[in-house]
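The values are calculated or read from the model by the stated rules, or taken from the named source; none is laboratory data. Only a predicted model underlies this, so the values are computations on that prediction, with no experimental measurement involved. Backbone-built Cβ (ideal geometry, glycine too); neighbour counts: all protein chains shown. Areas reflect the complete protein model, heavy atoms only, side chains present, ligands, DNA and RNA absent. Shrake-Rupley method; radii C 1.70, N 1.55, O 1.52, S 1.80 Å.
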Amino acid sequence: AQELSKLNAFSDVLIREDKRTNADRGTHIVFVDMGTPKVKGKTKNDAVEVQTDGTELAEGSDLGEVLSATEMVKLTNFYAEIKTNLVSRGIPEKEIAFIHDAKTDTKRTQLFDDVNSGKVRVIIGSTGKMGQGVNVQKRLAVEYELDAPWRPRDVEQRVGRIIRQGNEVYGPKVAADGLTVLEPGKGVKRYIFVTQNSFDGV
């Protein structure tokens, strides 16, 4: 399946980057807008009706208009596949978190603290839930985008999680004036994964 081939390519890159950043407890942020948790499906007359909570869709859009029902059901397992694949390749399960599991402000704050401390090294979620207001940049080393967002502002929100002030491990060291760069720092990386002949490349 196409999504699994993309998953394998992504997993290979994350494992390589994890080894490179392990000594610094560098963290990884993974954006996936399609196939977010809580997509439900049921079979009826050889067709599948799909329901989502609506919060993950681009405004005015419906994934049902973009993807077939069969493709939607496959996507419901994508988050689980990501975690399973990473764990099978050596990433400790306790170091992987879905932002969707942090359902209260208290839990979100704790998750952000865990990412900033390096206790959680891989955080996975949608642009809607990991965009504005998410400050996990303290030791963020790599950003991964597994699908293409629908709105230009979503691109800005993704980039804005990693290219920002406050990255104490991989970002530049800046003087007290906030402008003078004292050291360039190790730098951060971004990976965008595209499947040929799909909406990714549009």
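Scanning region 140-150 turns up at least one residue that is farther than 23 Å from S11 by Cα and touching a Leu at 6+ places or on another chain (Cβ under 9 Å).
With G160, G125, G171 as the choices, which residue is open to solvent by less than 40 Å² (accessible area, probe 1.4 Å), touching a residue at least 24 places away in the same chain (Cβ under 8 Å), closer than 21 Å to I82 by Cβ and not polar (S, T, N, Q)?
Numbers: G160 fails: closer than 21 Å to I82 by Cβ; G171 fails: closer than 21 Å to I82 by Cβ.
The unique qualifying residue is G125.
Of all the residues in region 130-141, those that are surrounded by 18 or more Cβ atoms within 10 Å (Cβ to Cβ) and either more than 14 Å from the chain's Cα centre (by Cα) or within 20 Å of H100 (Cα to Cα) (or both) number 8. Would you check if K186 is basic (K, R) and closer than 18 Å to N22 by Cβ? The answer is yes for K186.
Here is a list: V134, V174, V155, V181. Which entry is of a type in the set (V, I, T) and closer than 20 Å to V120 by Cβ?
V134
Selection of region 154-180 for residues being out of contact with any Asp or Glu (no Cβ under 9 Å at 6 or more places or on another chain), closer than 20 Å to A141 by Cβ and in a loop (DSSP other than H, G, I, E, B) yields R164, Q165, G166, N167, E168, G171.
Within region 78-100, the residues that satisfy the criterion of being under 13 Å from the mean Cα position of the chain (by Cα) and in contact (Cβ under 8 Å) with a residue 60 or more places away in the chain are F78, I82, F98, H100.
Here's a check for you: in region 87-105, which residue that is part of a helix (DSSP H, G or I) and over 24 Å from D154 (Cβ atoms) is least open to solvent (accessible area, probe 1.4 Å)? Steps first, please.
Here is the first cut: in region 87-105, the residues part of a helix (DSSP H, G or I) are 87-88, 93-95, 99-101, 105.
Filter once more, so that each one left must be over 24 Å from D154 (Cβ atoms): 87-88, 93-95.
On the way: V87: 57, S88: 87, E93: 110, K94: 169, E95: 22 Å².
Among those that are part of a helix (DSSP H, G or I) and over 24 Å from D154 (Cβ atoms), it is E95.
Determine whether R108 is outside any loop (DSSP other than H, G, I, E, B), open to solvent by 20 Å² or more (accessible area, probe 1.4 Å) and modelled with pLDDT of 90 or more. Answer is yes for this residue.
When each of K42, K19 is tested for being at pLDDT 95 or above, outside any loop (DSSP other than H, G, I, E, B) and loosely packed, with under 14 Cβ neighbours inside 10 Å, the lone residue that passes is K19. Is it true that some residue in region 90-98 is touching a Lys or Arg at 6+ places or on another chain (Cβ under 7 Å) and at pLDDT below 95? Looking through region 90-98, none of the residues is touching a Lys or Arg at 6+ places or on another chain (Cβ under 7 Å) and at pLDDT below 95.
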